[in-house]
Amino acid sequence: MEDAEAPRWMDIPSIAEAQPEPVTPAQAYHDLGDLYPDAPIPLMRGEAIIHRAVLQDSSGIETLFDWVAAGDVAIVELKRLIRREVEFANCVSRLQELIEGDLGGALVQVGDDRLILLPAGFAAVRGVENEVFAPDA
C-alpha cells in the first residue's frame, strides 16, 4: 500500500544535461536585515508605516506611543476597552497627553470604536467621505 501512495519519479535527460551540477554564487551575499536589525534608516518624506492594533487594556499604550514617536501611523480598535469606562477614559487621556502634548501629533476618532494616531507632520482631512473614491459615494 505504501508504494501506491509514493510519488512516481521520471528521469528527464534534458534537465540533467542542461544543468549537470548546482550553481554556486560567485560572491557571498548577506542578509542586511540580519546584520543590521535596528539600522538607522532615515524616514523619507511621505513614507510611513501604518500599524493596525487592538487595544485590549492600558498595557498596550507604550507600544502605540513608540510607533507614533517613530513617525508611524496607528489605527487602533477600542471595542473591547470601551466597555470598561474608567480604563477607557484613562487610556484616551494618556494617549492625548503623550501624542498631542508631548509629540505634537493628533488623535482622530473614526467611527464609534476606532482612533487613528498621527505623528507630528500628519494631518487629518474632514469631508473625504463625500469624495468620489469613498466607498459610499
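The values are calculated or read from the model by the stated rules, or taken from the named source; none is laboratory data. Just so it is clear, the structure is predicted and the values come from calculations on it, not from any experiment. Note that each Cβ is placed from the backbone with ideal geometry, even for glycine, and that neighbours are counted across all protein chains shown.
Details
- Scanning region 68-81 for residues that are part of a helix (DSSP H, G or I) and surrounded by 16 or more Cβ atoms within 10 Å (Cβ to Cβ) yields Val68, Leu81.
- Annotation note: of Phe88, Phe65, the sole residue that is outside any loop (DSSP other than H, G, I, E, B), of a type in the set (Phe, Trp, Tyr) and under 16 Å from Phe122 (Cβ atoms) is Phe65.
- Matching residues in region 88-108 - criterion: being loosely packed, with under 14 Cβ neighbours inside 10 Å and under 19 Å from the mean Cα position of the chain (by Cα): none
- Residues of region 16-47 that are surrounded by 10 or more Cβ atoms within 10 Å (Cβ to Cβ) and modelled with pLDDT under 75: Leu43 alone.
- Scanning region 91-113 for residues that are outside any helix (DSSP H, G or I) and of a type outside the set (S, T, N, Q) gives Leu103, Gly104, Gly105, Ala106, Leu107, Val108, Val110, Gly111, Asp112, Asp113.
- Flag if Ala124 is surrounded by 10 or more Cβ atoms within 10 Å (Cβ to Cβ), farther than 20 Å from Trp67 by Cβ and hydrophobic (A, V, I, L, M, F, W, C): no
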